[in-house]
Number of protein chains: 4
Amino acid sequence: MIIQLKKEITADEKQHLEQQLNQLHINFYPVVTQRGTYFICTPKEAFDIRKVGHLNGILDVHRVKGKHKMVSNKWKVNNTVIDCGDDVLIGDGKLTVMAGPCSIESEAQINATVESLKQNGVRIMRGGVYKPRTSPYSFRGLGMEGLKMFYNACQQNGIKIITEVMESGQIEEMMPYVDIFQVGARNAQNFNLLEALGEVDKPVMLKRGISGTIDELLYSAEYVFKSGNEKLILCERGIRTFENAYRNTLDLNAVPILKEKSHLPVIVDPSHGIGIRKHVAQMALASAAVGADGLIIETHKTPEKAATDGQQTLSFREFEELMQKLKVFETAFASS
Amino acid sequence: MIIQLKKEITADEKQHLEQQLNQLHINFYPVVTQRGTYFICTPKEAFDIRKVGHLNGILDVHRVKGKHKMVSNKWKVNNTVIDCGDDVLIGDGKLTVMAGPCSIESEAQINATVESLKQNGVRIMRGGVYKPRTSPYSFRGLGMEGLKMFYNACQQNGIKIITEVMESGQIEEMMPYVDIFQVGARNAQNFNLLEALGEVDKPVMLKRGISGTIDELLYSAEYVFKSGNEKLILCERGIRTFENAYRNTLDLNAVPILKEKSHLPVIVDPSHGIGIRKHVAQMALASAAVGADGLIIETHKTPEKAATDGQQTLSFREFEELMQKLKVFETAFASS
Amino acid sequence: MIIQLKKEITADEKQHLEQQLNQLHINFYPVVTQRGTYFICTPKEAFDIRKVGHLNGILDVHRVKGKHKMVSNKWKVNNTVIDCGDDVLIGDGKLTVMAGPCSIESEAQINATVESLKQNGVRIMRGGVYKPRTSPYSFRGLGMEGLKMFYNACQQNGIKIITEVMESGQIEEMMPYVDIFQVGARNAQNFNLLEALGEVDKPVMLKRGISGTIDELLYSAEYVFKSGNEKLILCERGIRTFENAYRNTLDLNAVPILKEKSHLPVIVDPSHGIGIRKHVAQMALASAAVGADGLIIETHKTPEKAATDGQQTLSFREFEELMQKLKVFETAFASS
Amino acid sequence: MIIQLKKEITADEKQHLEQQLNQLHINFYPVVTQRGTYFICTPKEAFDIRKVGHLNGILDVHRVKGKHKMVSNKWKVNNTVIDCGDDVLIGDGKLTVMAGPCSIESEAQINATVESLKQNGVRIMRGGVYKPRTSPYSFRGLGMEGLKMFYNACQQNGIKIITEVMESGQIEEMMPYVDIFQVGARNAQNFNLLEALGEVDKPVMLKRGISGTIDELLYSAEYVFKSGNEKLILCERGIRTFENAYRNTLDLNAVPILKEKSHLPVIVDPSHGIGIRKHVAQMALASAAVGADGLIIETHKTPEKAATDGQQTLSFREFEELMQKLKVFETAFASS
């Protein structure tokens, strides 16, 4: 059960509500976000909801029976729309594309990418400055220096930035330069990081774990939400299975399941999914067809020279072709 | 290496070729199908292909280095088109839909389905009469009696039949009533069945194993082909992973990979894939978007009363809506 | 619910029981095996068991609530002991070892193996004459000729034979030469084969499917049992997972789970499990420690020259060392 | 290639070595640990090792070709023995048992556990004070207060403490009270945490990721090692597969593979592995049989009342029985 409080609830009314819940022996967990204040209640037994619902200061009481609470669409029927500023929206019914290189490498690289994005009407650029790498001897990213370079180029061009944060200690430093914090697959259950991002008033995109279940992804989102941040985006990026004919098993089944269970927007990452350049566009089109709210795509001027992930990165020309196909798709179904 | 023989090769020319191969110490495996005669050669060392290529009776010599030979598109560049008769084609660049119930139950059920298919321009009906069931105490299908009933209704209406065969002993009896033999996921590596189907001049659709790799699916197709039957269709139907939020992980990644490696048409089964009725249509649309040659869909007049698989079966109305969406998709991309 | 009938039940008594069950609206499925006659009942509602239990001709009535019936130890409390003849037992509390080559290759190979088995007190020899191979171009076994050679050598030395049968059509021909029929992982859900083996009065060892669940293995055993054959052995041989550092993930967890759920003996195949020669012995010892009733081990005079599976096959010396370790283990725990 | 420097190498000698490597165009990565100083070299081409080996200040030069360097036993032939102080060793050829509750709950609980451990000769106690939980609404541990309580009880009794650290920010605070830092499965690729633990001079036990490969576990260890800490322990705790008949698929195959590749000790966690109380002891015995250096076992005075993981926790009596079986096993193989 979720009790949604009125914004103008008084301290007295709140105290009265708490007393009432205590008397009814209902455990409750207070959640305060940018958008509202909630009590998440886990009563041990069924009880008459009217005993609480009539109290002053309460906006609504929602029955939410499943395992997930704040991320469930059992209480929030309308889909959440993430506002990244400057009319850049995610989850508003259109397909939002984020694109850019795996790793930020140089100013020239950023500028070339920004040009390509602008020509295709893309408003969000991806690019890693802290790279989680399986081997400690691989390239690890340009760090804060790279991020500032990234920020300067994008800000001048009205492009928003999504980039990965790897631990809570990095958040403060990165904050001024980031529009959307990305949590990578390897940190999908780094609960300390998730809670720290709950205290931030910026959108957070959570990637599904390397072999994370859909339930676990929703629980991870719940961690961020209950810590205070409603601006959440889910991301399907492929799971680990026995099949080795491609990089990961991009699980498009997850999209309708997540949309059925949650009010949060769902982005698909076909680049890390199938992980093979020549097949990325087809998986991207299928992602649109299956109902994704957006895509995150790796693109690079010269993929074969990219510092990381070149084998799954589209050239600018391939990226442009994909964008045109996506428009054909959107137009067809907008008019149908 | 595949040596493709001329149709009019003489016995003398063939013997001469064999002698030549023996002299060169090249192992060869003769394959005779409805469409041609081939020698599959696995030489231990590289050798001068011209020593064979000039011989009389040889149509062409193809280098095919990978593990798969006859099913590889390294020798057969054009996609295989399966002709089911009466202008019913699979793999001709259009999306071929097969639809019908999981199990054949009654004449009334068949007739109602046939009507629905005709209204939607569908020419191939699915329906099981031998059902592989995990539990021996579950409904096992109507057998030959059901198949004959199925055949009578379809023949009168110009509808082709696809149905599952479970062991080689059933083939002869089923033959007159079947247009496409289906091999189920549990029999994906039943090599005796595969070889027996190689001796049949009817199309065969092979489902990927329950956790079969893409390579294994191609090897299974190779079994049928080298036993004499080129009329092969591959089918992605979902794999077994750790995720339990749906029935199987429909692996749309497999479609572009299979199309990249093989000349055989690829069908997707979203019903057995995601296995949840309300999500089947979205997965079907994504299957079209990812490049499938066709779909196999479970539909039933009253899914909630179906003998088997009702939870993943579309009602006729839902099926019609899906067919319309597929047309929107095909039209958009045909004109683009 | 399982109703176990008396051996001496009269036709009249049986008819009376059937009438009574019909009157009570209880579906029942008759099972006749070498050891007894049973009615498996699946009543739709709970009912008073005494309404049936007092009837003449009934030996016992067992409540068996789970999915599996005849293979469950809810009705058969004592473990099943398989008698292969000549005092060769499986499931009698001692560790039964079966060993031999992957494939039967020649008389010399068989004789050498027989010698090695005799020196180590092993009474059951394995060896494939029909080999299921992923690629159609691999060695497929010597067939019936190999089996007869195998039989002649073993019979003279008091050694029992276990070998794989691949389809129902092979059973009759193989019957005189086989002591235990093995069903391979790829045929774990070949239900036609399982039912055909239900009509045979010889022990059958069922391997777990390539990614078969424990439940599915028990269902496959149920297929054989309800078709008339109680002489069943289960075999864990490794499952398919994401891990590629070895051949299969030998799942020793399955052993205690199977022993908890079923009365059937459980054999472990560490050779196909981990699939790496130098680690087979350690996995074998762990299999004994986890409670397996026996082991099936690949051994060959010259593993590096074996026609198949040489990489996981023990030399005779390695096999002897393993047998000695197993004896140390058994002695330690017999006296503890 | 690993160049191991002499402890008494002078600054001049070191500089000279660096110059020589630069001249030979050999990339090198310096590693300084508690036990030694190393240069990890990744030359692009093969070169004459003697051009480096003769220089002053070099103890040894090792060819290590695989992906893993410092954790590989290609350069360090003898197994690493971890000294936890007070003669508590891990990896010395004997089976080291760590045991205790999943979560630290109270002083009474700790004291009761300490008593049980002492009676069974166990010198290391496990117990979580920071608990990673899938749901944010589950019990999260007693934190630092619990850890101090834990420390006081153990120190008085000569018991060492192993407990989980969840992020780098916690290390400093926990340091005085911890003997072995444990990294949980969900943080197996939290590279920031791993590097922070590299700067600590205390043993670190790394659990394999929820679906981590063996290679990834070794890479994670490499992260800690190259950051300066050689006191590393690996832990197999079960992987995620399709099978749901138990909690995780405890992968005993991983033990011989890890021992083959690395010089680090390997601990098995059968409690989190199979996750079912009545089967933990059998899996523990199998772990000993397969060559593990130790076990980590959950035990509790009253498992049914444990705050977390009660379903897989042994009672003290069950734990004692297991310890006796392990002694039988060790005795048998010590004398064999």
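The values are calculated or read from the model by the stated rules, or taken from the named source; none is laboratory data. Quick caveat, the model's predicted, so the values are computed rather than measured. As a convention, Cβ positions derive from the backbone with ideal geometry for all residues, glycine included, and neighbour counts pool all protein chains shown. For the accessible areas, the whole protein counts, side chains as well, though only heavy atoms, and no ligand, DNA or RNA atoms are used. Shrake-Rupley method; radii C 1.70, N 1.55, O 1.52, S 1.80 Å.
What would the Debye formula give as log10 I(q)/I(0) at q = 0.17, 0.18, 0.23, 0.26 Å⁻¹ for the alpha-carbon point model of the range C:2-62, no solvent?
Results for the range C:2-62 at q = 0.17, 0.18, 0.23, 0.26 Å⁻¹ read -0.50, -0.56, -0.94, -1.22.
Return one number: the angle in degrees, 0 to 90 and rounded to the nearest 10, between the long axis of the Cα atoms of helix D:214-226 and the longest principal axis of the Cα atoms of chain D.
Around 70 degrees separate the two axes.
Per residue of chain D, what 222 nm ellipticity follows from adding -39500 (n - 2.57) for every DSSP H run with n ≥ 4, rounded to the nearest 500?
Values: 11 runs with 117 residues, N = 336.
-10500 deg cm²/dmol, from helical runs alone.
Distance between the C-alpha centers of the range C:267-336 and the range C:217-264? Whole Å please.
Measuring centre to centre over Cα atoms gives 18 Å.
Taking the Cα atoms only, what angle lies between the long axis of helix D:143-155 and the longest principal axis of chain D, rounded to 10 degrees?
90 degrees
Between the label point of D:Lys305 and that of the same position in each other copy, find the distances and list them shortest first in nm, with every label point placed 7 Å from Cα along the Cα-to-C-beta direction.
Result, one decimal in nm: 5.7, 6.9, 7.0.
What ³J(HN,Hα) values, in whole Hz, does the Karplus curve 6.51 cos²θ - 1.76 cosθ + 1.60 give for the range B:180-185 when θ = phi - 60°, with x put for Gly and Pro?
Working through the residues one at a time gives 9, 7, 9, 9, x, 4 Hz.
Name the residues whose placed amide hydrogens come within less than 5 Å of the amide hydrogen of D:Tyr130, ignoring near sequence neighbours (fewer than 5 apart) on the same chain.
Correct list: D:Gly143, D:Glu164.
With label points built 7 Å along Cα→Cβ from the Cα atoms of D:Arg133 and A:Lys44, find their separation and express it in nm.
About 1.6 nm, to one decimal.
Once phi is turned into θ = phi - 60°, what whole-Hz ³J(HN,Hα) does the Karplus curve with 6.51, -1.76 and 1.60 give for every residue of the range B:7-23, x standing for Gly and Pro?
Rounded to whole hertz, the list is 4, 8, 4, 8, 4, 5, 4, 5, 4, 5, 4, 4, 4, 4, 5, 4, 4.
Where in chain B lies the longest segment free of GluC sites (Glu not before Pro) that are both loop residues by DSSP (not H, G, I, E, B) and have at most 16 other Cβ atoms within 10 Å?
B:46-198
How shielded is A:201-209 by partner chains, expressed as the average number of their Cβ atoms within 10 Å of its Cβ atoms? Present the calculation step by step, with values, prior to reporting the outcome.
Details: counts 0, 0, 0, 0, 0, 0, 0, 1, 5.
Mean inter-chain Cβ contacts per residue within 10 Å come to 1.
If each label sits 7 angstrom from Cα along the C-beta direction, how far apart, in nm, is D:Gly169 from its counterparts in the other copies?
1.1, 6.9, 7.0
Please list the non-local residues whose amide H lies under 5 Å from the amide H of A:Leu252, H modeled 1.01 Å from N, same-chain partners needing a gap of 5 or more.
B:Leu252
At 4 °C and a viscosity of 1.567 mPa s, what translational diffusion coefficient does Stokes-Einstein give for chain D, taking Rh as the Kirkwood radius over Cα pairs? Give it in µm²/s as a whole number. Walk me through the numbers on the way to the answer.
Numbers: Rh = 20.9 Å.
Value of D from the Cα-based Kirkwood radius: 62 µm²/s.
Quantify how strongly other chains surround peptide C:252-265 by giving the mean number of their Cβ atoms within 10 Å of each of its Cβ atoms. Don't skip to the end; give the middle numbers.
Values: counts 13, 20, 5, 4, 10, 6, 1, 2, 4, 1, 0, 0, 0, 0.
The per-residue average across the peptide is 5.
I'd like the orientation of helix D:277-289 relative to chain D: the angle between its Cα long axis and the longest Cα principal axis, in ° from 0 to 90, rounded to 10.
Helix D:277-289 and the main axis of chain D meet at about 30 degrees.
Round to a whole number: what % of the accessible area of chain B belongs to carbon and sulfur, probe 1.4 Å?
Details: 5720 of 12630 Å².
Here it works out to 45 percent.
For the protein assembly as shown, what ratio Rg/Rh do Cα atoms give with a Kirkwood hydrodynamic radius? It would help to have the intermediate numbers written out before the result.
Numbers: Rg = 32.9 Å, Rh = 34.2 Å.
Result for the protein assembly as shown is an Rg/Rh of 0.96.
Amide H to amide H, which residues 5 or more places from D:Thr96 or on other chains are under 5 Å from it, using H placed in the peptide plane?
D:Gly91, D:Gly294, D:Leu295
In a Gaussian network model over chain D where Cα atoms closer than 10 Å are linked, find which of D:Tyr38, D:Tyr246, D:Tyr137 has the largest mean-square fluctuation.
The residue that fluctuates most here is D:Tyr137.
Among D:Phe39, D:Phe181, D:Phe225, which one shows the highest mean-square fluctuation when chain D is modelled as a Gaussian network with alpha-carbon springs under 10 Å?
So, out of D:Phe39, D:Phe181, D:Phe225, the one fluctuating most is D:Phe39.
Under the convention of a label 7 Å out along Cα→Cβ, give the distances in nm from B:Arg50 to the same position in every other copy, shortest first.
4.8, 9.7, 9.7
So what is the relative contact order for the range D:1-134, in percent, with contacts set as C-alpha pairs under 8 Å and at least six apart? Kindly include the intermediate steps, with their values, before the conclusion.
Values: 156 pairs, mean separation 29.2, N = 134.
In percent, rounded to a whole number, it is 22.
D:Arg277: accessible area at probe 1.4 Å, nearest 10 Å²?
We get 70 Å² for D:Arg277.
Could you quickly flag the chain A residue whose beta carbon comes closest to the rotation axis taking A to C, and that distance in whole angstrom?
A:Phe242, 3
Before I look further, what does chain B give for accessible area per residue, probe 1.4 Å, in whole square angstrom?
Numbers: 12630 Å² over 336 residues.
Heavy-atom SASA per residue in chain B reads 38 Å².
Evaluate the relative contact order of the range D:63-193 (contact order divided by residue number), counting alpha-carbon pairs under 8 angstrom at least 6 apart; express in whole percent.
Numbers: 172 pairs, mean separation 24.8, N = 131.
Rounded, it is 19 percent for the range D:63-193.
For the pairs A:Lys94/A:Lys278; C:Lys160/D:Lys259; C:Lys301/D:Lys327; C:Lys305/D:Lys259; B:Lys278/D:Lys131, note any where the Cα-Cα span goes beyond 31 Å. All intermediate terms of the calculation are to be shown ahead of the outcome.
On the way: A:Lys94/A:Lys278 25 Å; C:Lys160/D:Lys259 37 Å; C:Lys301/D:Lys327 36 Å; C:Lys305/D:Lys259 28 Å; B:Lys278/D:Lys131 38 Å.
Going by Cα-Cα distance, C:Lys160/D:Lys259; C:Lys301/D:Lys327; B:Lys278/D:Lys131 fall outside the 31 Å limit.
Name the most mobile residue of B:Gly85, B:Gly291, B:Gly141, meaning the one with the largest mean-square fluctuation, in a Gaussian network model of chain B with Cα contacts below 10 Å.
It is B:Gly85.
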